[in-house]
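Novice: Let me begin by handing over the structure; questions about it come next.
The values are calculated or read from the model by the stated rules, or taken from the named source; none is laboratory data. Fair warning: this is a prediction, and the values are worked out from it, not measured in the lab. Don't worry about glycine lacking a Cβ; one is built from the backbone with ideal geometry, like all the others, and counts go over all protein chains shown. Each accessible area value is taken on the protein alone, full model and side chains, heavy atoms only, with ligands, DNA and RNA left out. Shrake-Rupley method; radii C 1.70, N 1.55, O 1.52, S 1.80 Å.
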Amino acid sequence: MYWTNGKNQLLPVQLSESTIKLENSGTFKTRGLELQLDGYLIQNRNFNWKSGLVFSRERSKVTNLGDRKLMLAGIENVAGSFAIDGQPLGVLMGTTYKRNEQGQMLIGEGFPIKNEELSIIGNPNPDFRLSWLNSLEYRNFSFSVMLDFKKGGDMWNGTWNMMNYFGTSQYSADNRSITNYIFPGVLPDGSTNNIPVNFYGNNLNENRWVRYGQYGVGEDAIQDAGYLKLREISLGYRILIRLFNEKTFMKLSLFATNILLYSKYKGVDPDTNLTGSSNGFGLDYFNIPGVKTFGLSLNWQF
C-alpha cells in the first residue's frame, strides 16, 4: 500500500491549435495497493508447479491546478485526456449530446443535438489489474504461462467514430438500413420526441453519422477497455553439458507474447495508447495494435 503527493508536475499547456508548452504546475495525490501471493502447489523430485498472483489498484486525483483544464493528449475540440481539479488524472473529455436538467437528450429535426463544448465522458483508470503466473517443471522440461486481466477503464475509440462516418465499419453496415427510428428525448418545446428518421437517405450529409462530422460525437466512442490477455507462454528444455570437467546447463526455450486477447472493446487493442507512454492515455485513433512476438532463446546456466 502506498500514498504519494506530486507537486509541480511537468504538463503540456495548450497555447493555440498548433502551440504547446511544458509547464511545471499542479498538485496530485495518488494512493495504491499492490498484493503478491505465490508459492509451490506441487514440489517433489521430478515435478514442480509454482503459481503466483499479483493484484494492483491505483487511484489518483488532481488537487490543485488553479481551476484550469489541461489537455495532456488528444485532438483539440474533439476528445482528449485531461488534468482537471477534483478529477482523476487523465480523465477523458469530449463532445456530447445536449441534454436538459433531467438528463433527457434534446432532439432537433428528429436527431439528437450535438454539444460542441467538451464535457467529461469517461475515466481511463482501471478498477484493478490482476496477473496470474504459472511455472511448471518436469525433469528437464519447463513450461510457463502468464495471464493478465484488467477490470474497467474507459477508452475513446476515435477510430470507431471515423469508420462510422465513412461507412466502412460493420456497425454502420448493420444499422444504415434502419428506418422510422424515434430517438428517445425531448423536442425544443419540451414535448416527447415523436419524429421518425431514417439512418440513411438521399442526402449523404444528413445520414446518422455524417451529420455530426468525421470525428462524430465523443460520448458515442467511449467503450470499456477491460481485457483478458495471454501475455506470455514459453516451453523450455534444459540440456546438461560438461565444460572443463564442470557441469553446466543450456536451456533452449520457445516463447510467444501477446498471442490471445479477449475484450468487449471494439478497437484493435485496448492495451495501446495514441501517445504511447505518457500522462495522457485512454485514446485510440488508428493506433497500432500490440505486437505478437514469437521467438527462440538460448541461456547458459552455470
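Novice: Pop out the Kirkwood hydrodynamic radius of the chain from its pairwise C-alpha distances, inverse of mean 1/r, in Å to one decimal.
Specialist: 23.0
Novice: A follow-up question, please. What figure in square angstrom, to the nearest 10, would you give for the accessible area of T96 with a 1.4 Å probe?
Specialist: We get 20 Å² for T96.
Novice: If you take every DSSP beta bridge whose two residues both sit in segment 24-64, what share of them, in percent to the nearest 5, is antiparallel?
Specialist: On the way: 16 of 16 bridges.
Percentage antiparallel, nearest 5: 100.
Novice: Hey, what D do you get for segment 194-256 in µm²/s if you plug the Kirkwood alpha-carbon radius into Stokes-Einstein at 37 °C and 0.692 mPa s? Intermediate results must be reported in sequence, preceding the final value.
Specialist: On the way: Rh = 18.4 Å.
Stokes-Einstein gives a translational diffusion coefficient of 179 µm²/s.
Novice: For S277, S119, give me the order by solvent-accessible area with a 1.4 Å probe, most accessible first, ignoring ligands, DNA and RNA.
Specialist: Putting S277, S119 in descending order of accessible area: S277, S119.
Novice: Also, I was wondering about something else. Filter K50/K264; K266/K292; K29/K266; K114/K266; K7/K264 down to the pairs with a C-alpha to C-alpha distance above 29 Å, please.
Specialist: From the list (K50/K264; K266/K292; K29/K266; K114/K266; K7/K264), the Cα-Cα distance tops 29 Å for K50/K264; K29/K266; K7/K264.
Novice: Still on this structure, I have one more. Given a 1.4 Å probe and heavy atoms of the protein chains only, how would you sort K251, K151, K292, K7, largest accessible area at the top?
Specialist: Greatest to least solvent exposure: K7, K292, K151, K251.
Novice: Another one. Peptides 209-215, 294-300, 44-50: what's the order by average Cβ count within 10 Å, highest mean first?
Specialist: 209-215, 44-50, 294-300
Novice: Please give, to one decimal in nm, the separation of the simple spin-label points placed at I120 and R45, each 7 Å out from Cα toward the Cβ.
Specialist: Going from the I120 label point to the R45 one covers 6.3 nm.
Novice: Continuing with the same structure: Given R₀ = 41 Å, what would the calculated FRET efficiency be for L260 paired with L240, taking r from the Cβ atoms and rounding to 0.05?
Specialist: After rounding to 0.05, the efficiency reads 0.75.
Novice: So what's Rg/Rh here for segment 156-302, counting alpha carbon atoms and using the Kirkwood radius for Rh?
Specialist: On the way: Rg = 25.6 Å, Rh = 19.8 Å.
Rg divided by Rh gives 1.29.
Novice: With a ≥ b ≥ c the root eigenvalues of the C-alpha gyration tensor of segment 44-88, is it rounded (a/c under 1.5), prolate (a/b larger than b/c) or oblate?
Specialist: Here segment 44-88 falls in the prolate category.
Novice: Just to be sure I understand the model, the point goes 7 Å from the Cα along the line to the Cβ. What's the resulting E109 to L230 distance in nm?
Specialist: Those two pseudo-labels are separated by 5.1 nm.
Novice: Now for a separate question. Sorted from largest down, what three extents in whole angstroms do the Cα atoms of segment 94-233 have along their principal axes?
Specialist: Computed over the Cα atoms, the extents are 77, 34, 22 Å.
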